[in-house]
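Encoded as structure tokens, the structure appears first; notes follow it.
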Amino acid sequence: MAEAVVETGAESAATRGGADLPVFEQLSAVADAVLYEGYLLYPYRRSSAKNRVRWQFGVLFPRDWVESDGPVVPGVSGSADSWYQQTECLLRVRRPDSARVRVRIRYLQMQRKQVEDTGQRPVESLRTDDGTAHLTFDEAVPREAGIEVPLDELLRGGRTVVVGAAAGEDIEPLPGGAGRVVRRREEVRAETTVTAERLSDDLCRLRVRTANTAPAPAPRTPREEALRRALIATHTLIGGDGVEFVSLIDPPTDLEAPTRACRNEFTFPVLGGTAEDTARVLLSAPIILPDHPQVAPESPGDLHDAAEIDEILTLRTMLLTDEEKREARATDPRAAAILDRVDTMPQEVFERLHGAVRSLAPSAPPAPAPADRPSWWQEGADDGLSPSTDTVLVDGVRLGGGSRVRLRPRGRGADAQDMFLAGRTAEVAAVFHDVDGSVHLAVTLDDDPAAELHSWYGRFHYFRPDELEPLGPAGSPDEPSAPAPAAAPSRHTTDSETPAAEAE
């Protein structure tokens, strides 16, 4: 029989005590950003078209409703609504006799905020005598459930726990007897099963599967109504004692095969903490993140956007009219808190949001350039370089314009371009040297029907030499069939400054 787990409410892992705190506190800010990703999009008001399509990530509906409404494509995370979410990861066992695993499931429960007049009739909006507006709107309540299990128990068959939140109703009278606000929640019911499989003496595969087990609404119930029984923005934190997690994005060479065998469906697991930490915690989120994700330290608060592009969102919020700000405040308490923070933000805090480049950290003075490489900091020093004819040695083969290669990107985190391009063949268009001495090769894909067009206006994919596998015989490359771009590249796709680009 499934074991019941007590739900927690709005408190985050960072504000609670208990055994989970040392493991999960370092990820609390990122996990909260995932939890509220897409909850409210600027400009934070109900009437905005941006806020009419919500709850797009990590939504787990009742199974019968999903299957009656259309097929789910396993393994295509975020592309379809689902009734389950599955995380598989690898963990190294450091203390076999005492290893334990902790799992925390986090999600939102929808809450209908209904404004009613003095006759308790539902209305879309109502303004009290003090001028405050109150709007009918769908809110959400954060929920968490946790489990801690000895690894030996998971290897013997695992454990299943009940995850869910009860139905409820809260009534808030409005000032002056103008009416009331009623908040209603339907029951959310799910189960999480945690199991483990031993792959070697010190390596296990861990599986965490969460499934919505609530009774399904009628087959053609609109999505907006079915959301009332769904787990929203579902994500999983996994930690433990006596274990370390293996990166699924950049695994050690000897673990590439078992890593590829992990089946993650509707979620993307990444290592938490910092790169210097031991791999003690893992975040499995319904959106693509890199290993060791961090919220920018310059961010003064949550803007309900996991990218945390604070300067742009802050400027957009500042530009709201007074009427739009009144509507935003009436839409949701979190929207009101964002407005309060933006309206009172000190100038020095706002200035910190502009132009932070963490790659410019202090470093040792650069070594002198080799004799055969010109100094980039002297005018005209790059006159001897020619991207269209330069070559670079890769695995004993000279690669340059016209060389054919296979793409082997690695070490780039959760770059979606890398995920889609790995293993495909391409033709080198040019070789570039950047200001810090690195080399990048511009390539066009063999199976891209627009490759010739991309070459014409200088739009390429860029890779380091160690990310390319030479194809064909060794020797000098042929002359390129297309002109090389004039501008130095950035990672992956970049447009050169050509007359065609300027015309656009």
**Matching helices (runs of 4 or more DSSP H) fully within the range 407-504 where at least 1 residues are at pLDDT below 70** = 416-421, 499-503
**Asked** In this structure, is ASP241 farther than 24 Å from GLN85 by Cβ and in contact (Cβ under 8 Å) with a residue 24 or more places away in the chain?
**Response** yes
**Fill in**
Just one listed residue, out of VAL101, VAL149, VAL161, is over 20 Å from ARG198 (Cβ atoms) and in contact (Cβ under 8 Å) with a residue 40 or more places away in the chain, and it is VAL161
**Request:** Give the residues of the range 262-272 that are in contact (Cβ under 8 Å) with a residue 60 or more places away in the chain and open to solvent by less than 50 Å² (accessible area, probe 1.4 Å), sorted by residue number.
**Result:** CYS262, ASN264, GLU265, PHE266, THR267, PRO269, VAL270, GLY272
**Message:** Between ARG106, ARG143, which is of a type outside the set (Ser, Thr, Tyr), at pLDDT 95 or above and open to solvent by less than 20 Å² (accessible area, probe 1.4 Å)?
**Reply:** ARG106
**Asked** Restricting to the range 391-401, what's the tally of residues that are of a type outside the set (Val, Ile, Thr) and buried (at least 18 other Cβ atoms within 10 Å of the Cβ)?
**Response** 3
**Asked** Which condition breaks for PRO43 when tested against (1) farther than 30 Å from THR274 by Cα; (2) surrounded by 19 or more Cβ atoms within 10 Å (Cβ to Cβ); (3) in contact with a Lys or Arg (Cβ under 9 Å, 6 or more places away or on another chain); (4) modelled with pLDDT of 75 or more?
**Response** (4)
**Number of positions in the range 258-295 that are assigned to a loop (DSSP other than H, G, I, E, B) and within 13 Å of the chain's Cα centre (by Cα)** = 13
**Request:** For ALA218, work out the one condition from (1) under 22 Å from ILE105 (Cβ atoms); (2) aliphatic (A, V, I, L, M); (3) modelled with pLDDT under 95 it doesn't fulfil.
**Result:** (1)
**Prompt:** Taking strands (runs of 3 or more DSSP E) that do not extend beyond the range 169-257, which have at least 2 residues that are open to solvent by less than 40 Å² (accessible area, probe 1.4 Å) and in contact with a helix residue (DSSP H, G or I) (Cβ under 8 Å, 6 or more places away or on another chain)?
**Reply:** 188-200, 203-212, 232-241
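The values are calculated or read from the model by the stated rules, or taken from the named source; none is laboratory data. What you see is a predicted model, and the numbers here were worked out from it, not measured in a lab. Reconstructed Cβ throughout: ideal geometry from the backbone, glycine too, with neighbour counts over all protein chains shown. Heavy atoms of the whole protein, side chains included, go into the accessibility calculation; ligands, DNA and RNA do not. Shrake-Rupley method; radii C 1.70, N 1.55, O 1.52, S 1.80 Å.
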